[in-house]
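Worksheet for the structure shown next.
The values are calculated or read from the model by the stated rules, or taken from the named source; none is laboratory data. Not measured: the values here are computed from a predicted model. A quick note on method: Cβ atoms are made from the backbone with ideal geometry, for glycine too, and the neighbour counts reach across all protein chains shown. Ligands, DNA and RNA are stripped out before the accessible areas are found, and what is left, the full protein with its side chains, is counted by its heavy atoms. Shrake-Rupley method; radii C 1.70, N 1.55, O 1.52, S 1.80 Å.
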Amino acid sequence: MTSTKGDVLIVGAGVIGTTSAFRLARTGWRVTLFDPAPGSGATWAAAGMIAPSAEVSPGEEENFALQRGALAAWRDVARDVFDLIGDALDVFETGTLLVGYDASDRRLVDQFALVAQRFGVEPQLVTRDDHEALFDDVSPRVYEGLLLEGDAWLDPDQAIDLLSKANASLGVKVVRQQVLTATTDGDHVEVTTADQTFRGDVGILATGARALPQGVADRVANVVRPVRGMTVRVQGVDRSSLPTLRAIVRGRSLYMVSRPGGYCVLGASSDEQEELVVEVGELQRLLRDALDLVPSLESAAIVETRQGLRPASKDLAPFVETVDERWAWLSGHYRHGVTLAPLAAREAQSFAEGLT
Ligand SMILES: Cc1cc2nc3c(=O)[nH]c(=O)nc-3n(C[C@H](O)[C@H](O)[C@H](O)COP(=O)(O)OP(=O)(O)OC[C@H]3O[C@@H](n4cnc5c(N)ncnc54)[C@H](O)[C@@H]3O)c2cc1C
């Protein structure tokens, strides 16, 4: 594609970098995307929920407002991808069913309802007697829950795959190497890998929870800490036509995103750890809670576990930091990076356009 606006270098091809590349390339920028293993970071582990209602949390009002706009933004991305390559990026608008497992969990769900109402969410109390089908596969001891409209999910693997195809069709170049340095040289940006140097007009840093390259790392004000999370993927229970199941089980949060065909994503653990290992206790807790909530998982097959590092900022909110007039850093998306990616991409474009 002929560049009309200039060259953008994007460091990191997770959901944030890949979606930003798509938006920038589609709006006339020539894009080079750097990543030794595109899509292998937190994005790989993510369940793919776009669930502002289920995610309300005191103190995260601004983040909630952002998330509320994310579903429409994903619909736009899906339409643009389809127009370009003819493949459908599926966004499943199922809503969420939130339940408590025991009496004290149900009290926590009641408290959640009060917080949600303050955010303008209108949870609907549903009971097994009135809405039996909603409780398919859910333990008989759970007899009521909150139905949260407007929540959705997508498959992050599919999103990365289709966005990468769309990017290729727009001429986005992918360099499968780690960026070691990122610098500014007059009216250009420059990045180096182990054996090459690249120049561009503007640069976007989208390295998730990973350390920034030298040259920018010591020039930023924000701090991001990695919060490890694990999802377990199983095959054998299909609730895909029903709302995504979320629960509080013995005080711990649990979700099961059920895809057509019986593939389910169970999640997620959360640890202040950086090492990407699966701890026995972590896995045992997650599976025990899941089995208690959904007894029919007993005979489901474990497909794999996936781990990733959520990028958490000090106030748990996403940010766009202008490092200098040519480099911007997009991170801090924490539990919501898949949700917020199309909005982050808009920020990347605004930053780049601001230079012209
Ligand atoms: C278990 C789990 C479940 C989650 N579930 C959800 C969910 O349901 N919904 C939701 O919205 N969010 C969810 N999240 C959060 C979401 O996954 C993250 O917020 C999001 O993936 C962050 O995207 P990113 O592109 O910034 O980072 P990443 O996906 O981590 O990508 C960063 C990329 O940068 C590359 N990179 C790093 N340094 C360099 C370098 N120097 N040079 C070149 N490349 C580099 C890495 O290889 C990586 O591919 C979940 C996270 C976890 C861990």
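This table checks each residue for (1) closer than 17 Å to Leu170 by Cα; (2) touching a strand residue (DSSP E or B) at 6+ places or on another chain (Cβ under 8 Å); (3) near the ligand (Cβ under 6 Å from one of its atoms).
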{"position": "Leu9", "(1), (2), (3)": "yes, yes, no"}
{"position": "Gly14", "(1), (2), (3)": "no, no, yes"}
{"position": "Trp29", "(1), (2), (3)": "yes, yes, no"}
{"position": "Phe34", "(1), (2), (3)": "yes, yes, yes"}
{"position": "Glu60", "(1), (2), (3)": "no, no, no"}
{"position": "Gln67", "(1), (2), (3)": "no, yes, no"}
{"position": "Ala70", "(1), (2), (3)": "no, yes, no"}
{"position": "Trp74", "(1), (2), (3)": "no, yes, no"}
{"position": "Ala78", "(1), (2), (3)": "yes, no, no"}
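Filter segment 197-252 for residues that are assigned to a loop (DSSP other than H, G, I, E, B) and more than 28 Å from Leu24 (Cβ to Cβ) and give the result.
Listed by number, the residues that qualify are Gly236, Val237, Asp238, Arg239, Ser240, Ser241, Leu242, Pro243, Arg250, Gly251.
Just wondering, is there one or more residues in segment 269-286 that are away from the ligand (no atom under 16 Å from the Cβ), touching a strand residue (DSSP E or B) at 6+ places or on another chain (Cβ under 7 Å) and within 21 Å of Asp136 (Cα to Cα)? No: segment 269-286 contains no residue that is away from the ligand (no atom under 16 Å from the Cβ), touching a strand residue (DSSP E or B) at 6+ places or on another chain (Cβ under 7 Å) and within 21 Å of Asp136 (Cα to Cα). Screening Arg118, Arg176, Arg106, Arg128 for residues that are of a type outside the set (Phe, Trp, Tyr) and modelled with pLDDT under 95 leaves exactly one candidate, Arg118.
If the condition is being near the ligand (Cβ under 10 Å from one of its atoms) and either more than 18 Å from Ala37 (Cβ to Cβ) or not charged (D, E, K, R) (or both), then segment 193-215 contributes Thr193, Leu205, Ala206, Thr207, Gly208, Ala209, Ala211, Leu212, Pro213, Gln214. The set of residues from segment 242-258 being free of Cβ contacts under 8 Å to residues at least 24 places away in the same chain and surrounded by fewer than 23 Cβ atoms within 10 Å (Cβ to Cβ) comprises just one member, Ser253.
Considering only residues in segment 259-268 that are within 14 Å of the ligand (Cβ to nearest atom) and open to solvent by 10 Å² or more (accessible area, probe 1.4 Å), the one that is nearest to Thr94 (Cα to Cα) turns out to be Arg259.
The one condition from (1) more than 20 Å from the chain's Cα centre (by Cα); (2) outside the structural domain of Val11 (by TED's automatic domain parsing); (3) under 26 Å from Phe64 (Cβ atoms); (4) open to solvent by 10 Å² or more (accessible area, probe 1.4 Å) that Asp271 does not meet is (1).
Taken together, Asp218, Asp238 contain a single residue that is among the acidic types (Asp, Glu), surrounded by fewer than 22 Cβ atoms within 10 Å (Cβ to Cβ) and either in the same structural domain as Val280 (by TED's automatic domain parsing) or within 14 Å of the ligand (Cβ to nearest atom) (or both), which is Asp238.
Among the residues making up segment 221-235, those that are open to solvent by 10 Å² or more (accessible area, probe 1.4 Å) and hydrophobic (A, V, I, L, M, F, W, C) are Ala221, Val223, Val224.
Restricted to segment 329-343, and to residues there that are within 19 Å of Ala211 (Cβ to Cβ) and crowded, with 24+ Cβ neighbours inside 10 Å, the residue that is nearest to the ligand (Cβ to nearest atom) is Gly337.
Among the residues of segment 102-152, those identified as of a type in the set (Lys, Arg) and surrounded by 14 or more Cβ atoms within 10 Å (Cβ to Cβ) are Arg106, Arg128.
I'm trying to understand the selection: among the residues of segment 204-215, which are touching a Gly at 6+ places or on another chain (Cβ under 6 Å), open to solvent by 20 Å² or more (accessible area, probe 1.4 Å) and within 24 Å of Gly6 (Cα to Cα)? Residue satisfying the conditions is Thr207 alone.
Does Ser296 qualify as being within 14 Å of the ligand (Cβ to nearest atom), small (Gly, Ala, Ser) and outside the structural domain of Gly17 (by TED's automatic domain parsing)?
Values: within 14 Å of the ligand (Cβ to nearest atom): no; small (Gly, Ala, Ser): yes; outside the structural domain of Gly17 (by TED's automatic domain parsing): yes.
It is false that Ser296 is within 14 Å of the ligand (Cβ to nearest atom), small (Gly, Ala, Ser) and outside the structural domain of Gly17 (by TED's automatic domain parsing).
On the stretch given as segment 280-312, residues that are of a type in the set (D, E, K, R), surrounded by 15 or more Cβ atoms within 10 Å (Cβ to Cβ) and more than 20 Å from the chain's Cα centre (by Cα) total 4. Name every residue in segment 182-227 that is among the acidic types (Asp, Glu) and touching an Asp or Glu at 6+ places or on another chain (Cβ under 9 Å), in order of residue number. Hits for segment 182-227 are Asp187, Asp201.
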